[in-house]
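The structure appears right after this line, and notes come after that.
The values are calculated or read from the model by the stated rules, or taken from the named source; none is laboratory data. Since this is a predicted model, take the numbers as computed values, not measurements. Methodologically, a virtual Cβ is constructed for each residue, glycine included, from the backbone with ideal geometry; neighbour enumeration extends over all protein chains shown.
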Amino acid sequence: MIELRGISKKFFALTVVNDVSFTVSPGEVLGYLGPNGAGKTTTIKMLAGLFKPTKGEILYECRDIRTDIFAYKKRLGYVPEQSEIYSHLSAYDYLVMVGRLRGMPEQSLKAKIVEFLKIFDLEQDMDASISSYSKGMRQKVLIAAALLHNPDILLLDEPLSGLDVTTALVIRDLIQRLAKENKIIIYSSHVLEVTEKVCSKVIILHRGSIVANDSVENLRALMDLPSLAEIFSQLVVHEDTGLMAGRLVSAMKG
């Protein structure tokens, strides 16, 4: 189980995440939602061990992750929001580097890499520089890197970004299968329809604080709303979106 206890993160005087607490158990898929600037990615980076909380603690299996951050990261797969990748390498070489850093046996590593690249339809481009890849191709490499060592925890920050429809559906089904294998999955996305399908519970973050933490079904019942998109809109969208769309049309005609 992963547990966040009163996590806050400040950058100078700005509080980006404010007193966030939640737990995620093996077999659960937690949807972590919020508008841009709500603190989602900052939370994910703290969970990934990239940022240290200003206040609070993150526990995995009842131990603070910073007690042995390297052992924790070995059990972690992380797909970042931005394509943080060595673009001068080929996809094959990049995945070999990732596998070696994780201490994977050389022979099985290379066989795994080839299989992943086949599945993601990158076999023909495996020796090309990643700098020549489209956004969707880069995203497939990042997903493969996160899955390569069969992690117990998956942190997915906008994992569908740039993917074609077929691959997005594959990832949706993959998340559900991995949950059945008792993986801990934290899924941050703006694609609410997919979040509603794959997540066993959701947290909605607004201005760094949690405004909802429950299953989609319970939130629907409590708020008497038919969908996660409408729940999200009710909790965090305070603008008249129709009015704003009208203003944009007027500005276009200018």
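Candidates in segment 192-229 are the residues that are modelled with pLDDT under 75 and surrounded by fewer than 17 Cβ atoms within 10 Å (Cβ to Cβ); of these, the one that is farthest from the chain's Cα centre (by Cα) is ASP224. Being within 17 Å of the chain's Cα centre (by Cα) and surrounded by 14 or more Cβ atoms within 10 Å (Cβ to Cβ): is that true of GLY34 here? Spelling it out, GLY34 is indeed within 17 Å of the chain's Cα centre (by Cα) and surrounded by 14 or more Cβ atoms within 10 Å (Cβ to Cβ).
Can you tell me which residue among LYS140, LYS118, LYS112 is surrounded by fewer than 19 Cβ atoms within 10 Å (Cβ to Cβ) and either at positive phi or outside the structural domain of GLY49 (by TED's automatic domain parsing) (or both)? Just a single option satisfies the conditions, and that option is LYS118. Taking the conditions (1) assigned to a loop (DSSP other than H, G, I, E, B); (2) at pLDDT below 95; (3) under 20 Å from the mean Cα position of the chain (by Cα) in turn, LYS73 satisfies each one other than (1). Within segment 140-160, restricting attention to residues that are touching a residue at least 40 places away in the same chain (Cβ under 8 Å) and more than 12 Å from the chain's Cα centre (by Cα), the residue that is farthest from GLY103 (Cα to Cα) is VAL141. From the residues in segment 41-97 that are among the basic types (Lys, Arg) and touching a strand residue (DSSP E or B) at 6+ places or on another chain (Cβ under 7 Å), which one is nearest to LYS110 (Cα to Cα)? My answer is ARG75. Residue selection: LEU147 fails the criterion of being closer than 20 Å to MET46 by Cα, crowded, with 18+ Cβ neighbours inside 10 Å and aliphatic (A, V, I, L, M).
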